[in-house]
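Shown next, in structure tokens, is the structure this report addresses.
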Amino acid sequence: MSAARPPSSAGLRQFLDLQQQRDWIEGKTILRDADERSESLELRFKYVARFEKLQRRQQAPEVLEVLRRYCRDCIPIPRRTERHYWSVSCLPSTPGKALVRINASWMELFSLYADGEGIRALFVVHLSDFTTNHSLNHGQVDEAFLERCVVTPEDVSYFFPRGEDIFGVNVRRFSSIGKFLAASRALRAIRAFNLTHMNRGRNAYQASHCYSLADHMLRNAE
């Protein structure tokens, strides 16, 4: 792979103007990504053993499929922004025992966990995108909408992480995770949150990027 010049700290505005970003959130445009990826061979080899360990887990096929879909639908120009503006960690050592985690800037965006023989997803989004009146009122969470986004109401739960306008949505089971990602309002919310943090500048978690996982994510990113 050719080594690209490291991007500046200006966020995605150096690649996409605000109108392009708004159009992408609304699904009105298809963004043109880079043809090639920059790569750190040191990082690629550093996390190979973790990736191989993940592959031996019974949840691996579902994890890889969800990651491919999340990359395709929820991360703008993923090849151009890989590692510098988003990263994916494999079996991270941080608390919670996640199987994989996607970060941008200083923020966790998305994680997958083992849930019995299946998986559970954690989506971090703006609270105001999931309240009935777009406020930050914890009592106004649109629970009916959340339940419509999954196969059965028991598959979804939520909590309030620290920070203003931050909302955590837990979705159990592969089928419900897929349905959540297909819900247009939920997808817009995920895209908006991801852009917010990718625009905050360089990714603080570059050193934990797993290229082996990213290979699978970017395979169907177009």
Mean-position separation - Cα centroids, region 120-186 and region 39-94, in angstrom: 23
Candidate lysines - alpha carbon under 27 Å from residue 28, same-chain residues fewer than 8 apart omitted: 179
Across the chain: Cys residues that no other cysteine approaches within a C-beta distance under 4.7 Å: 71, 74, 149
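What does the convex hull of the Cα atoms of region 79-127 come to per residue, in Å³, rounded to a whole number? Walk me through the numbers on the way to the answer.
Details: hull volume 5.1 nm³, N = 49.
So the per-residue hull volume is 105 Å³.
Using alpha carbons only, what's the Rg to Rh ratio of the chain with Rh from Kirkwood? Present the calculation step by step, with values, prior to reporting the outcome.
Numbers: Rg = 16.8 Å, Rh = 17.7 Å.
That ratio is 0.95, to two decimals.
Within 10 Å of each residue's Cβ, count the other Cβ atoms and sort 47, 158 from fewest upward. Working shown, then result.
Working: 47 21, 158 17.
If I rank by nearby Cβ atoms, fewest first, I get 158, 47.
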Eligible lysines near residue 46 by straight Cα distance, threshold 23 Å, same-chain separation 8 or greater: 97
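Just to confirm a number: summing +1 for Lys and Arg and -1 for Asp and Glu over residues other than residue 150 whose beta-carbon lies under 11 angstrom from that of residue 150, what do you get? Write out the running numbers ahead of the final one.
On the way: positive: 148, 172, 173, 179; negative: 147, 154, 155.
Overall, the nearby charge balance is +1.
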FRET efficiency for residue 165 and residue 52, using Cβ-Cβ distance with R0 set to 45 Å, rounded to 0.05: 0.70
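If I take every Cα pair under 8 Å that is 6 or more residues apart in the chain, average their sequence separation and divide by the length, what percent do I get for the relative contact order?
Result for the chain is 30 percent.
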Sequence of 106, 24 once ranked by neighbouring C-beta atoms within 10 Å, starting from the fewest: 106, 24
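None of the figures in this text is laboratory data; all of them are computed from the coordinates on show. Please read all numbers here as calculations on a predicted model, not as lab measurements. Methodologically, a virtual Cβ is constructed for each residue, glycine included, from the backbone with ideal geometry; neighbour enumeration extends over all protein chains shown.
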